[in-house]
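See structure below.
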Amino acid sequence: TASVQVQLVVPITVVFSPGSVPGDLPRPLPFRDVQEMAISVNLRTSVTSRYEMLYRSTTGQEEAALAAETAREADAALHPLQDTTLGSLTMYVVPETSSLLPQGINVYVGKHRSALVRAGGSLAALQAQLREVIQVMSFTASSIAAALSDRVPDGQLSPDARRYLKSSLGYEITFSLLNPDPKSHTVDWDIEGAVNRYVKPVLDKLSLVANFSVDSQILYYAVLGVTPRYDKESSSFLLSAHSLPHVINPVEARLGSSAASLYPVLNFLLYVPERSHSPLYIQDKDGAPVSTNAFHSPRWGGIMVYNVEAPASPQASLPLHVDVDMARVMEVFLAQLRLLFGLSREELPPKFLLESPGNEGLADWELDHLLWAHTVENIATVSTTLTSLAQLLDKIGNIVIKDDVASEVYQAVASVQSAVAKLSLGHLHAAFQASKEAVTSSERAFFDPSLLHLLYFPDDQKFAIYIPLFLPMAVPILLSLAKIVRETRQRKKEPNKMD
């Protein structure tokens, strides 16, 4: 594969409020500073991150916004005053004694592209703190390594790296309700209302990353591939962690959505257990019950078990009518969606407080986090695709490259160069768009039907095919030619004798 060299530039503004300026600044405000860091991926891929910092004092409007009662109010008031370019960050440094940040919290990360940071005395202490914030809000070495997971030796990857979905121009999301026992349960779920209320705001935000399509289905008599174990103590049925991988295959055969899809399909399944296996609980590796009663499968989707309460009287008429609590279900599915996109917020440095993104499902900086990773992944993918194409063309000397294929290759190369150039200028949105165009062009060229390997034969095969056909015809022709040559020579000799 070709070598990839990318420089990721993050424009950062550090704004000092009155009383928060460190005493050991190298020169008076405002001033600029640049910090570079190499991210080691492997020998063929070099990624450097470059943080371009502008240090300045607050403006009057920013001071007024920072006089708010709480960090959340300050974040909302500061948002209209900020640089909202994708991939850029603004850090507001507040005095150590500031009551804006709760007790014991040094960093508050808002839901846009800014954070409030408690001053740390010296510039070095502040910079160490800022570095932690930047790692949370833009990209980390591990998120870039996960994006380049196809190029990284397995040993160097975090276990989560293969969990995330690969970058794609589109995704299809399918919500399925599995009712294995329709004789006992009539299940109603307002999936349309739930998608509009909970899923649509998240997908609207993610529409910058890719196109999404959503559909839903109800499957009857679809059972899990594993028979749950009955537990006498709790008089319930249990699915243990090690049996979960075997649950998916039989169900997947019934889903039928991924076969005809161009894009990766995310499956979210709501399973209402049959009456003979109710209630059904999922156990984790240690045997403890999972609080959400759900589990997810990397790059595939998730399953949630929805238990129905047994009727109070044994004479209750069947089937029981079940109304699904969609708020509870969607909370689980959206958490799984975030996990699949690598947006989980599991590891946070100490003394950090993150604002909840609300019903949008993800903060602006989390969207940037995705764009950074997908842009780098797209650049690497295009480089690999074009290298494979070049190797194919080298192998087949007589291959015919049509003009439209050639122009797609030129377009892909130009777009990928543009993406790399835009990244090194800190223009994340433009870089991402260029990287998407490069992927589209390179795949069009690579999968063009005229470049099919099997259409072209090596020369020795051609001789092997045609010689048996032409040899019988060639023998009399060659003999006739030899005769003509002999006769011509004799004619030339005859006049000489007469002299």
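The values are calculated or read from the model by the stated rules, or taken from the named source; none is laboratory data. What you are looking at is a predicted structure, and each value in this text was computed from that prediction instead of being measured. Here the Cβ is made from the backbone with ideal geometry for all residues, glycine too, and neighbour counts use every protein chain on show. Remember, those area values only see protein heavy atoms, side chains included, never the ligands or the DNA or RNA. Shrake-Rupley method; radii C 1.70, N 1.55, O 1.52, S 1.80 Å.
Figures for the structure shown
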quantity: Angle in degrees between helix 364-395 and the longest Cα principal axis of the chain, rounded to the nearest 10; calculated: 10
quantity: Computed over the range 170-341, Kirkwood Rh from alpha-carbon pairs, angstrom; calculated: 16.9
quantity: Residue-span extension gain [TYR263 to LEU29] - 0.36 nm each, minus C-alpha spacing; calculated: 79.2 nm
quantity: Average accessible surface area per residue within the range 265-313, 1.4 Å rolling probe, Å²; calculated: 44
quantity: Heavy-atom SASA rank of VAL416, VAL117 (probe 1.4 Å, accessible area, largest first); calculated: VAL416, VAL117
quantity: Accessible-area value, HIS321, 1.4 Å probe, nucleic acids and ligands omitted, Å²; calculated: 120
quantity: Check: the chain dipole with +1 on Lys, Arg Cβ and -1 on Asp, Glu Cβ, in debye; calculated: 2280
quantity: Rounded FRET efficiency, nearest 0.05, which uses the C-beta distance separating VAL413 from ARG299 and R0 of 25 Å; calculated: 0.25
quantity: Heavy-atom SASA rank of LEU165, LEU29 (probe 1.4 Å, accessible area, largest first); calculated: LEU29, LEU165
quantity: Net charge of Cβ neighbours under 14 Å - reference VAL405; Lys, Arg +1; Asp, Glu -1; calculated: -3
quantity: Built amide H within the under 5 Å cut-off of THR186, gap 5+; calculated: LEU320, HIS321, VAL322
quantity: Rg [Å, one decimal], Dmax [Å, integer] - the chain, C-alpha atoms; calculated: 32.6, 135
quantity: Structure-based [θ]222 nm, the chain - -39500 (n - 2.57) summed over DSSP H runs of at least 4, per residue, nearest 500; calculated: -12500 deg cm²/dmol
quantity: Tilt relative to the chain, helix 403-425 - C-alpha long axis, 0 to 90 degrees, to 10; calculated: 30
quantity: For SER216, distant residues with modelled amide H under 5 Å away; calculated: PHE175
quantity: The range 268-333: GluC sites (Glu not before Pro) in DSSP coil with no more than 16 other Cβ atoms inside 10 Å; calculated: GLU309
quantity: Chymotrypsin sites (Phe, Trp or Tyr not before Pro), loop per DSSP, at most 13 other Cβ atoms within 10 Å - longest free stretch of the chain; calculated: 222-446
quantity: The range 6-138 - Kirkwood radius from inverse mean 1/r over Cα pairs (Å); calculated: 15.4
quantity: Nearest-ten-degree value, helix 123-137 long axis tilted from longest Cα axis of the chain; calculated: 70
quantity: Sparse-neighbourhood loop sites, GluC sites (Glu not before Pro) in the range 61-102 - DSSP loop, at most 10 other Cβ within 10 angstrom; calculated: GLU69
quantity: Positive-end extreme of charge dipole, the range 170-341 - chosen from GLY193, SER278, PHE341 (charges on Cβ); calculated: PHE341
quantity: Cleavage-rule hits, trypsin sites (Lys or Arg not before Pro), the range 178-218, DSSP coil, Cβ neighbours within 10 Å at most 14; calculated: LYS183
quantity: Nonlocal amide H pairs with GLU96, under 5 Å, H built at 1.01 Å; calculated: ALA119
